[in-house]
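**Student:** Mind looking over this structure? Questions follow.
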Amino acid sequence: MSNMIATRDAYGEVLAELGAENGDVVVLDADLSGSTKTSSFAKKFPERFFNMGIAEANMVGTAAGLAASGKIPFASTFAIFAVGRAWEQVRQSVAYPKANVKIVATHSGVTVGEDGGSHQSVEDIAIMRAVPNMTVIVPADGVETKKAIRAAAAYNGPVYVRLGRNKVPTLFDDSYEFAIGKGCQLRDGSDLTFVATGLMTAQAVAAAEILAGVGVSARVVHIPTVKPIDEELILAAARETGAIVTAEEHSVIGGLGGAVAELLGERCPVLLKRVGVQDRFGTSGKAEDLLKYFGLMPENLVEAAKELLGKK
Amino acid sequence: MKDKIARLQEKARKLRIDIVRTLHRSKSGHTGGSLSVIDMLTVLYYHKMRHDPANPKWAQRDRLVLSKGHAAPAQYVALADCGYFPKEDLQMLRQLGGHLQGHPDSKGTPGVEVCTGSLGQGLSMAVGMALGLSLDKSSNRVYAVLGDGELQEGQIWEAAMSAAHYRLDNLCILIDANGLQIDGEVAKVMNVESIGDKFRAFGCHVLEIDGHDIAAIVAALDEAEQVKGKPTAVVARTVKGKGVSFFENKASYHGVTPSDEELPRALQCLGDCCD
Ligand SMILES: Cc1ncc(C[n+]2csc(CCOP(=O)(O)OP(=O)(O)O)c2C)c(N)n1
Ligand SMILES: [Mg+2]
């Protein structure tokens, strides 16, 4: 937990590595290359970097065209614009033809902070998850980000990777094996399971530690690939612990919580509580204050766990 | 009129000071584009627009849409100074619990007509307002303020096309052409020139002015009012960071606020004694 790195910084680093390894990797941005960190690729490979200006729809369409000519395009901007402004281009030009386009969006969720609700995407997982052919990955830390980006580059098809603005604790080391569609258990437990994604996985680990102090044994399952989701890992947790608390920096509608609710509802109904943004828009403030404001702290997860245990 | 121009110039200088102080305090927000647009906002709020700060929803008001919503601090200091809300509210810019969001939010801030901040959307909303006013046979006008980088969004041109198609002479588009966006010079990132020719081709009456020349802004807005049967686009050539020498023409000051060390120097540039 000692070193902290923003997932977007890890993205910039791995992108530059990939650029050196594979001449087919091309990168597009929409006037935010300093913030998304694609600038590190742009500096090294200017001829394979395309700044499309403030024109996200055109950027995504152009990426689809580059994929059609055999390139491996990574298109980046803030999550709200990649998924929001360019959604139908994502659907029609990328997902429908199953184009080999990687949409890597930074500044997702409420931890965008001061820019406010207009810039805080709390719906992007839900929106991207609903699109056929789309793979949705939400890394928890820098190490996982690098591995996920490499996996996305190796995979042939549309991928959406959701990254964040701020530094987050490092949970994984280099021995961690990332595979698209695979979740991982970070902590065993028998009373309930936290199923978390993105920066909320670290919050879930902290919550499990708090609960251990009061004699509650909480399992922590990290789900980096929200689609296709690791059904077996989640079903096993449901069967073995009988209570699930989902945790995501996203609306409780349609994201990880939605995906888990769909799965459990059909295959293994157990006690469930979805922790996330409660069908609200974001607001301006400091990232750490907003995590509290929206109830995304370890304490909130502890509270949710206790509520479920009370019903057991 | 000369007196009036001098008063507006002085007002713009004061508002620049408010922008710098507010952004220094908030430690977050967009400095360059707020300083480049403030002369236009000053002419709009203190000379051209019919509006009533005591009655923000007054039916006979002219409308302003800050499509380049990241320049919210410029609009906020003007709204506060006009009396739409207490000046103390500026201290809560971008803070949790304040109404002054990072980007204009009509739900919470009196005097803000619509929500902007996602670039490219404001002009369409301005077109809708202009259509609504004309349906109501209102003589009120709509002003839409755009960035030059923002012109890269395709929706801007869809909106311009519809504004001309519906002959919206009650709509005036002001372009803050400061030549810069986040990643550098507009001409190098994704060239939008010739801006004037483009808006002309889309059916607008086009004026090119120095966007820091108060008299020229006044004259352009007067002329726009006389144009019949088409919208007017005012291409205002400006300097990003205008008024603070070391912010001027620097893309790096787009989203960076004055530091403690820079504050006194910035205020000095604006003729404000430090306290
Ligand atoms: C749709 C959208 N894409 C990206 C951004 C991020 N962004 C904020 S300001 C900005 C640059 C704006 O440049 P310009 O329109 O020239 O404004 P100015 O120079 O006046 O600040 C960008 C890309 C945004 N707010 N909206
Ligand atoms: Mg500009």
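**Student:** Which residue out of B:LYS240, B:LYS198 is within 16 Å of ligand 1 (Cβ to nearest atom) and open to solvent by 50 Å² or more (accessible area, probe 1.4 Å)? Working first, answer last.
**Tutor:** On the way: B:LYS240 fails: open to solvent by 50 Å² or more (accessible area, probe 1.4 Å).
Sole residue among the options that is within 16 Å of ligand 1 (Cβ to nearest atom) and open to solvent by 50 Å² or more (accessible area, probe 1.4 Å): B:LYS198.
**Student:** Out of A:ILE253, A:ILE210, A:ILE244, I need the residue that is farther than 19 Å from A:VAL122 by Cα and touching a Lys or Arg at 6+ places or on another chain (Cβ under 9 Å). Which one? Spell out the reasoning first.
**Tutor:** Working: A:ILE253 fails: farther than 19 Å from A:VAL122 by Cα; A:ILE210 fails: touching a Lys or Arg at 6+ places or on another chain (Cβ under 9 Å).
Matching residue, one of A:ILE253, A:ILE210, A:ILE244: A:ILE244.
**Student:** Let me ask something else. Return the only residue of A:VAL60, A:VAL26 being touching a helix residue (DSSP H, G or I) at 6+ places or on another chain (Cβ under 7 Å) and either within 16 Å of ligand 2 (Cβ to nearest atom) or not in a helix (DSSP H, G or I) (or both).
**Tutor:** A:VAL26
**Student:** Would you confirm whether any residue within the stretch B:90-103 is within 14 Å of ligand 1 (Cβ to nearest atom) and on the phi > 0 side of the Ramachandran plot?
**Tutor:** No: the stretch B:90-103 contains no residue that is within 14 Å of ligand 1 (Cβ to nearest atom) and on the phi > 0 side of the Ramachandran plot.
**Student:** Name the residue, out of B:ALA224, B:ALA251, that is within 22 Å of B:ALA74 (Cα to Cα) and among the small types (Gly, Ala, Ser).
**Tutor:** After applying the criteria, what remains is B:ALA251.
**Student:** Now for a separate question. Filter the stretch B:101-120 down to residues that are among the aliphatic types (A, V, I, L, M) and either more than 8 Å from chain A (Cβ to nearest Cβ) or not in a loop (DSSP other than H, G, I, E, B) (or both) and give me whichever is farthest from B:THR31 (Cα to Cα).
**Tutor:** B:VAL114
**Student:** Also, quick follow-up: Within the stretch B:92-101, is there a residue that is touching a residue at least 40 places away in the same chain (Cβ under 8 Å), farther than 18 Å from B:TYR45 by Cα and either open to solvent by 40 Å² or more (accessible area, probe 1.4 Å) or of a type in the set (Val, Ile, Thr) (or both)? Working first, answer last.
**Tutor:** Narrowing the stretch B:92-101 to residues touching a residue at least 40 places away in the same chain (Cβ under 8 Å): B:93-95.
Checking the rest, the ones that are also farther than 18 Å from B:TYR45 by Cα come to B:93-95.
Now restrict to residues that are either open to solvent by 40 Å² or more (accessible area, probe 1.4 Å) or of a type in the set (Val, Ile, Thr) (or both): B:95.
Yes, that holds for at least one residue.
**Student:** Still on this structure, please answer the following. What do you reckon, is B:VAL256 within 16 Å of ligand 1 (Cβ to nearest atom), within 14 Å of chain A (Cβ to nearest Cβ), open to solvent by 20 Å² or more (accessible area, probe 1.4 Å) and among the hydrophobic types (A, V, I, L, M, F, W, C)?
**Tutor:** yes
**Student:** Within the stretch A:97-121, take every residue that is out of contact with any helix residue (DSSP H, G or I) (no Cβ under 7 Å at 6 or more places or on another chain) and open to solvent by less than 10 Å² (accessible area, probe 1.4 Å) and give me the one that is nearest to the other protein chains (Cβ to nearest Cβ).
**Tutor:** A:GLY116
**Student:** Continuing with the same structure: Which one is nearest to ligand 2 (Cβ to nearest atom), of the residues in the stretch B:168-186 that are of a type in the set (Gly, Ala, Ser) and surrounded by fewer than 22 Cβ atoms within 10 Å (Cβ to Cβ)?
**Tutor:** Among residues in the stretch B:168-186 that are of a type in the set (Gly, Ala, Ser) and surrounded by fewer than 22 Cβ atoms within 10 Å (Cβ to Cβ), the one nearest to ligand 2 (Cβ to nearest atom) is B:GLY179.
**Student:** Now a separate question. Which of the following residues is among the aliphatic types (A, V, I, L, M), under 28 Å from B:THR257 (Cβ atoms) and surrounded by fewer than 24 Cβ atoms within 10 Å (Cβ to Cβ): B:VAL114, B:VAL77?
**Tutor:** B:VAL114
**Student:** In the stretch A:268-294, what residues are away from chain B (no Cβ under 14 Å) and free of Cβ contacts under 8 Å to residues at least 24 places away in the same chain?
**Tutor:** Matches in the stretch A:268-294: A:PRO269 only.
**Student:** Taking the stretch A:86-96 on its own, how many of its residues are more than 19 Å from the chain's Cα centre (by Cα) and within 12 Å of chain B (Cβ to nearest Cβ)?
**Tutor:** 1
**Student:** Let me spell it out: the conditions are (1) more than 14 Å from chain A (Cβ to nearest Cβ); (2) out of contact with any helix residue (DSSP H, G or I) (no Cβ under 7 Å at 6 or more places or on another chain), and B:VAL142 meets all of them except one. Which number is the exception?
**Tutor:** Tallying (1) more than 14 Å from chain A (Cβ to nearest Cβ); (2) out of contact with any helix residue (DSSP H, G or I) (no Cβ under 7 Å at 6 or more places or on another chain), B:VAL142 fails exactly one: (2).
Rundown of residues vs (1) within 10 Å of another protein chain (Cβ to nearest Cβ); (2) of a type in the set (S, T, N, Q); (3) in contact (Cβ under 8 Å) with a residue 12 or more places away in the chain; (4) out of contact with any Asp or Glu (no Cβ under 6 Å at 6 or more places or on another chain), yes/no style:
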| position | (1), (2), (3), (4) |
| --- | --- |
| A:PHE41 | no, no, yes, yes |
| A:GLU47 | no, no, no, yes |
| A:ILE54 | yes, no, yes, no |
| A:THR62 | no, yes, yes, yes |
| A:LEU66 | no, no, yes, yes |
| A:ILE80 | yes, no, yes, yes |
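**Student:** Being open to solvent by 20 Å² or more (accessible area, probe 1.4 Å), in contact with a Gly (Cβ under 8 Å, 6 or more places away or on another chain) and within 14 Å of chain B (Cβ to nearest Cβ) is the filter here, so list the residues in the stretch A:20-39 that pass it.
**Tutor:** If the condition is that a residue be open to solvent by 20 Å² or more (accessible area, probe 1.4 Å), in contact with a Gly (Cβ under 8 Å, 6 or more places away or on another chain) and within 14 Å of chain B (Cβ to nearest Cβ), then A:LYS37, A:SER39 are the ones that fit.
**Student:** Further question on the same structure: The conditions are (1) over 25 Å from B:SER106 (Cβ atoms); (2) within 10 Å of the chain's Cα centre (by Cα), and A:SER108 fails exactly one of them. Which is it?
**Tutor:** (1)
**Student:** Now a separate question. Mind listing just one residue for me: the one in the stretch A:249-267 that is crowded, with 19+ Cβ neighbours inside 10 Å and without any contact (Cβ under 8 Å) to a residue 60 or more places away in the chain and, of those, farthest from A:ASN166 (Cα to Cα)?
**Tutor:** Going through the qualifying residues, I end up with A:LEU264.
**Student:** If I go through the stretch B:201-222 residue by residue, how many of them are open to solvent by 50 Å² or more (accessible area, probe 1.4 Å) and within 17 Å of B:LYS68 (Cβ to Cβ)?
**Tutor:** Of the residues in the stretch B:201-222, 0 are open to solvent by 50 Å² or more (accessible area, probe 1.4 Å) and within 17 Å of B:LYS68 (Cβ to Cβ).
The values are calculated or read from the model by the stated rules, or taken from the named source; none is laboratory data. Since the structure is predicted, the reported quantities are computational estimates derived from the model, not experimental observations. Ideal geometry is used to build each Cβ from the backbone, glycine not excepted, and the neighbour counts take in all protein chains shown. Just the protein is used for accessible areas: all its heavy atoms, side chains included, with ligands, DNA and RNA removed. Shrake-Rupley method; radii C 1.70, N 1.55, O 1.52, S 1.80 Å.
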